[in-house]
Amino acid sequence: EKDKGLIRDSWESLGKNKVPHGIVLFTRLFELDPALLTLFSYSTNCGDAPECLSSPEFLEHVTKVMLVIDAAVSHLDDLHTLEDFLLNLGRKHQAVGVNTQSFALVGESLLYMLQSSLGPAYTTSLRQAWLTMYSIVVSAMTRGWAK
Ligand code: HEM
């Protein structure tokens with residue numbers, strides 16, 4: 001319950017500015033693994049990170065990711081209701097060539113984004129609370145790879 005409060009409070013302001021915070025997350029992700037840029041092949045402009053980060057299709061994906069996080073935060077009391085949605089989302093990512101290991105880097109980038117926007121409010125317990133929620137989301141998505 002304490003974890004839920006930490007997550008909700010920290011997301012309250014971040015969630016109002018999804019695109020800028022999502023850009024911080026993906027900028028970090030592409031620093032950690034530039035090869036992920038190539039998976040956004042729908043955008044012919046995605047030659048490098050700055051080009052990708054300014055492409056409208058890519059920014060739509062940034063918004064989509066942030067909306068999924070937003071949904072998880074809103075459903076902290078009943079995350080299991082998102083399971084089917086997340087499993088299907090995992091399937092779609094398998095289809096576009098994403099590797100499940102990449103989700104660990106997304107998690108690191110999410111924490112990086114939280115740390116850079118929350119500053120001193122980013123505590124060990126807040127970090128742990130987010131990691132726990134994120135790992136539930138990722139394990140549900142990862143089930144989309146089975147079979
Ligand atoms: C769709 C790539 C991580 C949420 C897509 C698509 C691509 C893609 C290529 C299809 C085109 C599009 O809709 O823009 C990636 C890569 C990721 C990643 C390379 C990181 C390794 C995530 C994460 C989430 C997410 C972590 C949410 C937690 C979505 C959603 C869609 C989508 C909601 C739309 C699915 C639909 O059409 O129903 N992603 N993605 N993505 N992604 Fe990701």
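In table form, for the structure just shown:
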{"item": "Filter pass, Lys2 being away from the ligand (no atom under 15 Å from the Cβ) and either surrounded by 14 or more Cβ atoms within 10 Å (Cβ to Cβ) or closer than 21 Å to Leu111 by Cα (or both)", "result": "yes"}
{"item": "Residue match in segment 39-46 (condition: in a helix (DSSP H, G or I), touching a residue at least 24 places away in the same chain (Cβ under 8 Å) and under 18 Å from Ser135 (Cβ atoms))", "result": "no"}
{"item": "Hey, Glu60 acidic (Asp, Glu) and within 14 Å of the ligand (Cβ to nearest atom) or not", "result": "yes"}
{"item": "Boolean, Ala35 is in a helix (DSSP H, G or I), surrounded by 15 or more Cβ atoms within 10 Å (Cβ to Cβ) and not charged (D, E, K, R)", "result": "no"}
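FYI, it's all coordinate maths here, none of it is from the lab. Since we're looking at a predicted model, the values are computed, not measured. Here Cβ is always computed from backbone atoms with ideal geometry, including for glycine, and neighbour counts include all displayed protein chains.
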